[in-house]
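All of the numbers you see were taken from the coordinates with simple rules; none came from a lab. Quantities reported herein were computed from a predicted structural model and do not represent experimental measurements. Glycine gets a Cβ as well: all are built from the backbone with ideal geometry, and neighbour counts include every protein chain shown.
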Amino acid sequence: MVDYEVEPGEGKKIAESLLKVGGFEGRVFGEAARALKSMFNDKECRRVISFTADIVSTGLRGVLKQLIRDRKFDLIVTTCGTLDHDIARCFSPYFEGDFALDDRVLLKKGYHRLGNVLIPKDSYGPTLERFIQPMLSELYPEPKTAVPPHRLIWDAGMRLDNQDSILYWAYANKIPVIVPGIMDGAFGSQLWLYYQTHRGFQLDMMSDEQLMSDFVFDSKKLGALMLGGGISKHHTIWWAQFKGGLDYAVYLTTAVEYDGSLSGAPLREAISWGKVKPRAKHVTVHGDVTLLLPYLVSASL
């Protein structure tokens with residue numbers, strides 16, 4: 001697997017052309033590019049990017065890293081797997097696979113399958129353990145106070161010191177990474193493992209929530225690019241409601257609306273909850289993030 005970046009402007013002609021098609025998701029994509037560009041150009045707007053971890057296992061990690069490196073967003077909200085994949089890929093390769101591979105055979109051969117991505121078992125859990133346990137031992141040998149998770153994540157980015165890493169650039173640019181479900185993944189399991197021999201080690205989750213609160217209330221305007229749903233999307237719009245809702249919102253999803261899930265809920269539904277302002281520039285695009293995001297980012301820069 002190879003990460004990649006996009007060139008500004010490459011997708012502009014595509015987006016402008018799709019605005020003229022007049023229908024379906026083509027036009028919606030053009031509207032999303034226009035809304036994202038407006039958000040980037042609004043100097044009063046503080047910007048959040050939320051995304052699910054699966055896309056970090058692909059080459060799209062490079063585009064996400066590019067956005068953080070170039071300070072296009074001021075806050076990241078994501079899931080624990082983002083920490084897992086970003087750290088693991090700094091040390092070990094992931095490989096192209098296929099959705100139709102026999103998982104029983106993969107188990108015997110020592111591979112995890114994530115969609116059509118193959119991850120050697122040693123490249124995941126064991127790699128995380130070899131990185132995280134020495135880090136915790138060095139930085140928090142006898143912690144006296146609880147550790148804010150976003151600070152712990154910056155520590156990881158600092159120690160990675162790898163310019164391909166999302167966490168490295170978040171640390172370098174002091175962009176907080178909020179992971180509401182930090183225990184739901186290999187990174188979280190390593191924190192639990194360290195706790196077995198260091199009972200004083202605790203996480204200060206309230207500190208991260210206070211950071212989210214301060215970020216929202218100190219903002220004149222709020223904008224968000226949300227890639228996939230789940231807890232990362234919900235945490236973003238949940239906090240936005242306390243400021244009257246998002247002023248800009250672009251959401252990419254493959255989920256459907258009819259089952260009532262948060263992932264399937266279009267942004268217009270969030271208006272009824274006060275999470276998106278009635279007059280906000282908001283666009284919900286249905287499609288695969290790995291396909292759409294490179295063009296969207298290129299068209300918006």
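Some observations on this one:
- For the stretch 12-300, the antiparallel share of DSSP beta bridges with both residues in that region comes to about 20%.
- Computed across the stretch 120-199, the Kirkwood radius stands at 13.2 Å (inverse of mean 1/r, all Cα pairs).
- Net charge of the neighbourhood of Val117, taken over other residues with C-beta under 9 Å away and scored Lys/Arg +1, Asp/Glu -1, is -1.
- Taking Thr236, Thr254, Thr78 and counting other C-beta atoms within 10 Å, the order from fewest to most: Thr254, Thr236, Thr78
- Set of lysines with alpha-carbon distance to Lys43 below 25 Å, sequence-local pairs under 8 removed: Lys12, Lys13, Lys65, Lys72, Lys174, Lys220, Lys221, Lys233, Lys243, Lys275, Lys277, Lys281
- Inter-site label distance for Arg130 and Met183 at 7 Å from Cα along Cβ, in nm: 2.9 nm
- Debye intensity ratio I(q)/I(0), log10, the stretch 201-301, q values 0.12, 0.22, 0.25 Å⁻¹ (C-alpha model): -0.42, -1.15, -1.32
- Adding -39500 (n - 2.57) for every DSSP H run of four residues or longer, then dividing by how many residues the chain holds, sets the calculated 222 nm ellipticity at -14000 deg cm²/dmol.
- Calculated FRET efficiency, Leu193 to Glu25, Cβ-Cβ distance, R0 = 45 Å: about 0.50 to the nearest 0.05.
- Whole-angstrom gap from the stretch 90-169 to the stretch 247-283, using each part's C-alpha centre: 31 Å
- Normalising the average separation of contacting C-alpha pairs (under 8 angstrom, six or more residues apart) by the number of residues puts the relative contact order of the stretch 129-280 at 19 percent.
- Between the entries [x] 0.97; [y] 0.95; [z] 1.09, the label attached to Rg/Rh (Cα atoms, Kirkwood Rh) calculated for this structure is [x].
- Burial ordering of Trp192, Trp238, Trp169, fewest other beta-carbon atoms within 10 Å first: Trp192, Trp238, Trp169
- Between Arg113 and Gln202, the modelled label-to-label distance comes to 4.4 nm, taking each label 7 Å out from Cα in the direction of the beta carbon.
- Angle of helix 230-240 to the longest C-alpha principal axis of the chain, folded into 0 to 90 degrees and rounded to 10: 60°.
- Förster-model FRET efficiency, 51 Å R0, Glu269 and Lys144, C-beta, rounded to 0.05: 0.70
- With at most 16 other Cβ atoms within 10 Å, longest stretch of the chain clear of loop trypsin sites (Lys or Arg not before Pro) (DSSP): 221-301
- Ranked list, fewest to most other Cβ atoms within 10 Å of each Cβ, for Asp204, Asp86: Asp204, Asp86
- The chain - charge dipole about Cα centre, Lys and Arg +1 at Cβ, Asp and Glu -1, debye rounded to 20: 760 debye
- When all alpha carbon pairs of the stretch 92-248 are counted in 10 Å bins from zero, the resulting P(r) reads 9, 29, 33, 22, 6, 0 %.
- Charge context of Trp238, other residues only, Cβ under 11 angstrom, K/R +1, D/E -1: +1
- Residue-span extension gain [Ala255 to Arg279] - 0.36 nm each, minus C-alpha spacing: 6.2 nm
- Those chymotrypsin sites (Phe, Trp or Tyr not before Pro) in the stretch 13-122 that DSSP places in a loop and that have at most 14 other beta carbons within 10 Å: Phe99
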